[in-house]
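Asker: I am attaching a structure below and will ask some questions about it afterwards.
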Amino acid sequence: MTENNTGNKQMTLKDAIGKFVKDGCSITFGGFIGRDCVAAVHEIIRQGIKELTVIDDSKTDMMDLLVGAGVVKRWEGAYLGYGAIGLAPNIRRSVEEGIPSKIEVEDWSNAGVSMRYLAGSLNVPFMATRSMLGTDIIKYNRRIKVINDPFEGEPVALVPAAHPDVAVIHVQRADAMGNAQVWGFTGNDENKARAARHTIITCEEMVSTDEIRRRGNMTLIPFYCVDAVVQVPYGCHPQSCYGYYAYDVLFCGDYHQAAKDREEFMRWLDRYVFTSKDHAAYCEKVGWGRLQSLMTMERHFNRIPG
Amino acid sequence: MDNQRYTASELMAIMTAKEFRDWEVAFVGIGIPLVAGITAKRFHAPNLNIVYESGCIGPQKYRVDFNVGDSSAADGALCLTSEWRVFSDMQCGYYDVGVLGAAQVDKFGNLNTTAIFGDRDYCLPLVRLPGSGGGNDIGSNIGRVVVMLRLEPLRFVEKVDYITTPGFLDGTPEARKRAGLPGSGPVAVVTDKALFRFDSSTREMYLDTIYPGVDAGEVKSMVGWEIKIAAELKVAPEPEDRELAAVRAADPANLIMGGAAARKSLASLDEYIDLTIRNSGRF
């Protein structure tokens, strides 16, 4: 919910993260292992923010990086793996060995988290779902309440609304007012933006408000949900961004290999995050030619209509 | 098994592909389940529509996905929507079949993808796994669920450490209905050595089909309870060349089936991109 409806919410990534993401706050991220806000995660790590509670559905690189960097105190979510490549090395080290610190874990299913954000966006206290019933998710997660439906009598699970302090959501394009347009799947992003107290939009391209008006159906998140807009080209790399660039499976394979060893992971973090002053410096290290190849591949399959 | 002609993973994908029927709507997990789905689409079920939890409904399968939200999941899709919407559609019963992987399965088809406890517990497990993702939702809601995992000791156990995804729960009659679960439970467990199904009256898993060259005794020795065997144990046919060709075209750089070794054998990102485009069926 924005406190600033002046016409221009454009900021640098450094300023937007610095202003809204505070030590100890709760946060969620848009995308769904695709259209992820990786650049924002790098900036959170770079600024040394601590003790975050992440309330999210499914992430790979982003959670592995945040947990490995010691940024996360607690996670409430559904999936903490590394996609088709394997298990997430930093997640394993944290949960199994407490390195660099032990995160608190609260397991949900993806539909369970989706209903938490739907409730948050509707401004009602909870939603009902038929997922998770009869399983150990409910045994270990006391915040899921199983009741008999007061109308028909059948058991249903109730999940509480999620209201994180901040949502960070990467989109294909936005205007300076904060209208955010998305192509491809939309995940839970429209609900995350509405459930969160503050929303930061990062985007591939800035466009004029007139251009937004030409395709109002594509505006997933309207300006009144948004506090800050930041242009970050290639902001999802190594994840994909529909219509812009494909998933960098080989970069992720190398990361996964490196992250298995704590020292190597710290060197990776140093190279790509701490010694990169911003996302453009990260892109420089990844290689502009490589990013161009990923864009060529994506545009072979998907193009955003001009 | 003829190890020269095909790998165990390839046979697993082909056996799973046969579980899909043309014109069905399928909710499929990432990894070998998805390779099986793409294979089915390119083979006997061209009108199979695959749904992804990120919100992609009915994409053309030009290329393999490494994550549920890869833009490949949206290539030429019939509908691009939200995550909560596709889970709601699942809960309404629109999806015919779900395929998912697991680390552990028990005799009633309950799955664990959350944690291997070892001599520890949920809070400090021996191995932390990814968690439910959408697995629980598939197992809770979809009518026909197919499970894929390798047949290895400690994977087929009397009781899983943690029930992430419901099978037939404690196996008692109506256990799923009493819990409030809409879907009817698992129908098959596909492994790299054999295929298992569930007895309709006892809900217990039994050995239904063994693969060429596999011995039933070998299968029994790897299952952590006294597994029952079908009265007429079937033997799977050798995969046909055209089936193997379809599986290989679905994962042309072998990155899903071949893992880290296959990634290392690629000369460059450009080689991977070239292979993907050449095998996409869209030039």
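Asker: Let me confirm one metric for peptide A:90-103, namely the mean number of other chain beta-carbon atoms within 10 Å of its residues' beta-carbons.
Answerer: Mean inter-chain Cβ contacts per residue within 10 Å come to 2.
Asker: Can you give me the C-alpha center-to-center distance between segment A:39-69 and segment A:104-165, rounded to a whole angstrom?
Answerer: Cα centroid to Cα centroid, the span is 24 Å.
Asker: What value, in deg cm²/dmol to 500, does the helix sum -39500 (n - 2.57) over DSSP H runs of n ≥ 4 give at 222 nm once divided by the residues of chain A?
Answerer: Counting only the DSSP helices, I get -9000 deg cm²/dmol.
Asker: Summing -39500 (n - 2.57) over the DSSP H runs of n ≥ 4 in chain B and dividing by its residue number, what mean residue ellipticity at 222 nm do you reach, to the nearest 500 deg cm²/dmol?
Answerer: The per-residue figure over chain B is -8000 deg cm²/dmol.
Asker: Kirkwood Rh, Cα Rg: Rg to Rh for chain B?
Answerer: Ratio of gyration radius to Kirkwood radius for chain B: 0.96.
Asker: Something else: Label points 7 Å out from Cα along the Cβ direction at A:Arg74 and B:Lys234: separation in nm?
Answerer: Here the modelled spin labels are 5.0 nm apart.
Asker: Give me the net charge for the shell around B:Glu204: Cβ to Cβ below 15 angstrom, other residues only, Lys and Arg +1, Asp and Glu -1.
Answerer: +1
Asker: How would you order A:202-210, B:165-173, A:78-86 from highest to lowest mean count of nearby Cβ atoms within 10 Å?
Answerer: A:78-86, B:165-173, A:202-210
Asker: Moving on to the next point. May I ask what percent, to the nearest 5, of DSSP beta bridges between residues of the protein assembly as shown are antiparallel?
Answerer: Percent antiparallel among DSSP bridges in the protein assembly as shown is about 40.
Asker: Tell me which of B:Ser200, B:Val223, B:Pro212 sits at the most positive position along the dipole axis of segment B:173-229, charges placed on C-beta atoms (Lys, Arg +1; Asp, Glu -1).
Answerer: B:Ser200
Asker: How shielded is A:7-13 by partner chains, expressed as the average number of their Cβ atoms within 10 Å of its Cβ atoms?
Answerer: Partner Cβ neighbours, averaged per residue: 0.
Asker: For A:Val207, what is the net charge nearby, where nearby means another residue's Cβ is under 11 Å from its Cβ and Lys, Arg count +1, Asp, Glu -1?
Answerer: Residues close to A:Val207 contribute a combined charge of -1.
Asker: For B:138-144, what's the mean count of beta carbons from other chains sitting within 10 Å of each residue's beta carbon?
Answerer: Mean number of neighbouring Cβ atoms from other chains: 3.
Asker: Among the lysines, select those whose C-alpha is under 30 Å from the C-alpha of B:Lys228, and discard any that sit fewer than 8 residues away in the same chain.
Answerer: B:Lys18, B:Lys107, B:Lys159, B:Lys177, B:Lys193, B:Lys220
Asker: When a/c is below 1.5 the answer is rounded, else prolate if a/b is larger than b/c, else oblate, so apply that to the protein assembly as shown with a ≥ b ≥ c taken from the square roots of the Cα gyration tensor eigenvalues.
Answerer: Prolate.
Asker: Just to confirm a number: summing +1 for Lys and Arg and -1 for Asp and Glu over residues other than A:Gly68 whose beta-carbon lies under 10 angstrom from that of A:Gly68, what do you get?
Answerer: Net charge in that neighbourhood comes out at +1.
Asker: Sticking with this structure for a sec: Take every Cα pair under 8 Å in chain B that's 6+ residues apart, average their separations, divide by the length, and report that relative contact order as a whole percent.
Answerer: Computed value for chain B: 18 percent relative contact order.
Asker: Also, quick follow-up: Please list, or write none, the aspartates and glutamates whose alpha carbon is within less than 15 Å of the alpha carbon of A:Lys260, excluding same-chain residues fewer than 8 places away.
Answerer: The reachable aspartates and glutamates, counting only those whose Cα sits under 15 Å from A:Lys260, are A:Asp61, A:Asp64, A:Glu96, A:Glu97.
Asker: Now a separate question. Would you list which lysines come within 26 Å of A:Lys19, measuring only between C-alpha atoms, while excluding same-chain residues fewer than 8 positions from it?
Answerer: The qualifying lysines are A:Lys9, A:Lys50, A:Lys59, A:Lys73, A:Lys192, A:Lys277.
Values quoted throughout were computed directly from the atomic coordinates according to the rules given, and no laboratory measurement underlies them. Owing to the predicted nature of the structure, the values given are computational and were not obtained by experimental measurement. No Cβ is skipped: glycine too gets one built from the backbone with ideal geometry, and neighbour counts run over all protein chains shown.
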